[in-house]
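A.B. asks: Would you mind keeping the following structure in view while I ask a few things?
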Amino acid sequence: MRRRAGLTLGAVLIGGGGVVTYATASPSDGSGAPGQDRRPVEVYGLALKGTAVGERKLPRTETEQFSLVGVSWTGALKPLEGTAQVRARGLESGEWGAWQDLQLDAAPPEEVEAGMRGASQPLWVGPSDGVEARVVHEDGSTGALPKGLEVNLVDPGVVTEAETRLDAPAPAAFVMDESPSPSPSPEPTAPPSTVPQPPVTSRADWGADESKSPDPSEYNPDVKAVFVHHTDGANDYDCAESASIVRGIYAYHTEVEGWNDIGYNFLVDKCGTVFEGRKGGIDRPVLGAHTYGFNRESAGIAVLGTHVSGAASTAALTSVARVTAWKLGQYGADPAGTVQLTAGATQRNYFSAQFTAGEQYTFRRVSGHRDGFNTQCPGDALYAQLPTVRTWAAGPVDGLRIASLTDATAKGSTYYTKGTPVVRWAATTPAALIKRYDVLVDGQAVAATSGAGYAKRITLTPGSHAVTVRATHQSGAVTTATPLTVVAETTAPVFTAAPTLGLRTGTVYTGSAPVTLSWKATDDQALRQVRLLTPQAATFSAAAYLSNRTARPGTAAGWSMRAYDYAGNYRDAAVTYTPVVLQESAAVRTGSWSARSSSSYLGGRSYSSASKGASLTWTFTGRSAAWVVSRASSSGQAYVYVDGVKAATVDLRSSATSYRQAIWTRTWSANARHTVKIVVVGTSGRPTVTTDGLVYIR
């Protein structure tokens, strides 16, 4: 049944004065030596021995190269009630790894034959050349452990392409149910599936040695359900090692446990590669040995790795869903549904549900190993992902939504475009399970992509449209995303009032005057924003119509604006304005005025008067004007006349002294010749008025 290296007996003292006997693997003919290009699969058995009742050990032992390890014992139906742990020494690092538990809930055979052994789940540890193992009762009791305890090491070897393509008939899997066997069919039917077959790495391609499983295949009538498993072992393997892991599991099942073939129908690695398991034809209902009591009506898919707490990768789940959909699709079964399965053995499952041989029980079409047998497999994390597998396998496409519209802008729930937006979508169902996508406009398909597509540019006629995406699952089930309202239009906005610049109150500097920019823009659909392009950059909302800015006196500047609608259409408007400073010395004076000099004044000078009726008059051609003054607690009042008409009484009094203040302004609709006259009121107790000049815009 198993090929072993030569064993050397020895002894070592353990705590308490006891002696543990152990066995080490002696060197073989070198076929497993590191560095060779070709190396066949090898299986080694090392005895676990000990004098203490209820405890067996294998001290640190150098061995030939191996990558997979497990524990087995005499008696296929005898459970190992205890804790089994191993640690390995890395082949390249030379370092000993941490202790790892071996899962002891592997399903026993339903029909025991000579040479079969009980065994733990095999554990992938990667290339190693040393092992240490121990098995003790979990509760500390001293009851005897099973006889013939061994630590079994598997070197998956390195095989060439020529070796993997053996010209041998396709023998078949071992039968492991207690229920009556159907009549074997030498050429069982392979009904077509309702969904495409995923890529599968054949036994020849992963390097199966077909001499290890010579018996003919046996088949079930159909496949009613799929049971999902995990294989145990590290999850940090490189996907380039996956074929080696599969070869190791195959050797462990056949040479350690004495089975006729690997137990699973399919195996999937974390990168999503699917491997053919039991031989007999992946498109046929091959009888497997994966779920004790329920192999007769099902197929088994195992994910490489341990998923007790770590979830399986999206790539792995995708492939599990694809294989599931394909196999169940051969028999018209809905992966999201349930089915009645007949128990082939009397037992309890992980959830303590009782099964009686010959009775029927309800299972999900996609179930976990623990649903049929008392095991943690496929681990809590992967078991929690089975609803996702069912959804992906059964369809329709899940989570379909329009992710964005490029070359279109949303206002509320409506999108606006010039007419050629790019529709982008997303779905949680993997692309490999999706047959096609269609982009619909007003219910009609206008563009299509494969299931791998995620974007499409469309052309819309002017007007409002309903745009959506329809996904067709490989099962034929159809999902349509929530539609978007999209308005196509090419009419640019309009400036109903051109940009206008007017002076405002505030502090005036030699290089800066306070101004207000005003405008008005509209759009036939939806105005989005207005931007100031020059002489400064700014962006305003559609509701805005003015902005406080500053302008440089003595310099002509173009004020350019652009109005945008939500579709991206725009229109420009521009005007040019020049602010001008008229000093007080440029005014026509009446009455008594005295000149003052200070850097605080506009231009360094000002005029001041306390004489009632004293006046200053400026005449200019422009469209906006501002009187600039100094203010203090002792400042008085002045009358302002515009074009000979009294316009305002201005009080210059201020609790804080300030200079160069534009205190009064006036703006007209167009350039024209105007006269502004300032007259001192002669306010009682504070008659003084100090003026810095006048600023106007032309």
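The values are calculated or read from the model by the stated rules, or taken from the named source; none is laboratory data. Keep in mind that what you see is a predicted model, and the values were worked out from it rather than measured. Positions of Cβ are generated from backbone atoms using ideal geometry, with glycine treated the same way; all protein chains shown enter the neighbour counts. Accessible surface is based on the protein model in full, side chains and every heavy atom, while ligands, DNA and RNA are left aside. Shrake-Rupley method; radii C 1.70, N 1.55, O 1.52, S 1.80 Å.
A.B. asks: Hey, got the dipole for the range 311-398? About the Cα centre, +1 on K and R Cβ, -1 on D and E Cβ, debye to the nearest 20?
C.D. replies: 100 debye
A.B. asks: Where the centre of each part is set by its Cα atoms, how far does the range 367-424 sit from the range 496-526, in angstrom?
C.D. replies: Taking the Cα centre of the range 496-526 as reference, the centre of the range 367-424 is 51 Å away.
A.B. asks: Further, regarding this structure: Amide H to amide H under 5 Å from L48: which residues, 5+ apart in sequence or cross-chain, H placed 1.01 Å off N in plane?
C.D. replies: HN-HN under 5 Å from L48: L149, E150, V151.
A.B. asks: Okay, moving on. Counting Lys +1, Arg +1, Asp -1, Glu -1, what net charge surrounds P192 among other residues with beta carbon under 13 Å of its beta carbon?
C.D. replies: +1
A.B. asks: Next question. To the nearest 20 debye, what is the magnitude of the charge dipole of the range 569-698 about its Cα centre, counting +1 on the Cβ of each Lys and Arg and -1 on the Cβ of each Asp and Glu?
C.D. replies: Value, rounded to 20: 100 debye.
A.B. asks: So, one more: In the chain, which cysteines lack any other cysteine Cβ under 4.7 Å from their own?
C.D. replies: C377
A.B. asks: If I take every Cα pair under 8 Å that is 6 or more residues apart in the range 561-611, average their sequence separation and divide by the length, what percent do I get for the relative contact order?
C.D. replies: 24 percent
A.B. asks: First compute the accessible area of the range 178-327 with a 1.4 Å probe, then give the percent of it belonging to carbon and sulfur atoms.
C.D. replies: Summing carbon and sulfur atoms, their accessible area is 52 percent of the total for the range 178-327.
A.B. asks: How many Å² of accessible area per residue for the chain, probe 1.4 Å?
C.D. replies: 41 Å²
A.B. asks: In whole percent, what relative contact order does the range 580-698 give with Cα contacts below 8 Å and a gap of six or more residues?
C.D. replies: 39 percent
A.B. asks: Could you list which residues have their amide H under 5 Å from that of A234, counting only those 5 or more apart in sequence or on another chain, with H placed in the peptide plane?
C.D. replies: The answer is W124.
A.B. asks: Let me check I've understood the local charge: for P579, count other residues with C-beta under 10 angstrom from its C-beta, Lys and Arg +1, Asp and Glu -1. What total comes out?
C.D. replies: Net of charged neighbours comes to +2.
A.B. asks: Under 8 Å for C-alpha pairs, at least 6 residues apart: give me the relative contact order for the chain, rounded to a whole percent.
C.D. replies: Once normalised by length, the contact order is 8 percent.
A.B. asks: For the chain, build the charge dipole from Cβ charges (+1 Lys, Arg; -1 Asp, Glu) around the Cα centre, then report which of W593, T649, A431 sits farthest towards its positive end.
C.D. replies: W593
A.B. asks: At a 1.4 Å probe radius, carbon and sulfur cover how many percent of the accessible area of the range 544-698?
C.D. replies: Ligands and nucleic acids excluded, carbon and sulfur reach 43 percent.
A.B. asks: Something else about it: For F266, F540, write out the residues from largest to smallest accessible area, computed with a 1.4 angstrom probe and no ligands counted.
C.D. replies: Sorted descending by solvent-accessible area, the residues read F540, F266.
A.B. asks: Note down the net charge around L532, summing +1 for each Lys or Arg and -1 for each Asp or Glu among other residues with Cβ under 11 Å from its Cβ.
C.D. replies: Once positives and negatives cancel, what remains is +3.
A.B. asks: Right, next: Is the shape of the chain best called rounded, prolate or oblate, per the rule: a/c under 1.5 gives rounded, else a/b larger than b/c gives prolate, else oblate, with a ≥ b ≥ c the square roots of the Cα gyration tensor eigenvalues?
C.D. replies: It comes out prolate by the Cα gyration axes.
A.B. asks: Moving to a separate point now. On a 0 to 90° scale, report how tilted helix 242-251 is relative to the longest principal axis of the chain, with both axes built from alpha carbons and the result rounded to the nearest 10.
C.D. replies: It works out to around 20 degrees.
A.B. asks: Roughly how big is the chain's charge dipole about its Cα centre, with Cβ charges of +1 (Lys, Arg) and -1 (Asp, Glu), in debye to the nearest 20?
C.D. replies: 6600 debye
A.B. asks: Loop only per DSSP, at most 13 neighbouring Cβ atoms within 10 Å: give me the trypsin sites (Lys or Arg not before Pro) in the range 622-672, ordered by residue number.
C.D. replies: The qualifying sites: there are none.
A.B. asks: In the chain, if the dipole is taken from +1 on Lys/Arg beta carbons and -1 on Asp/Glu beta carbons about the Cα centre, which of F355, T665, P79 is farthest to the positive end?
C.D. replies: T665
A.B. asks: In degrees from 0 to 90, rounded to the nearest 10, what is the angle of the helix 314-329 Cα long axis to the longest principal axis of the chain?
C.D. replies: Once rounded, one gets 60 degrees.
A.B. asks: Per the 1.4 Å probe, what fraction of the accessible area of the range 364-428, in percent, lies on carbon and sulfur atoms?
C.D. replies: Answer for the range 364-428: carbon and sulfur cover 42 percent of the accessible area.
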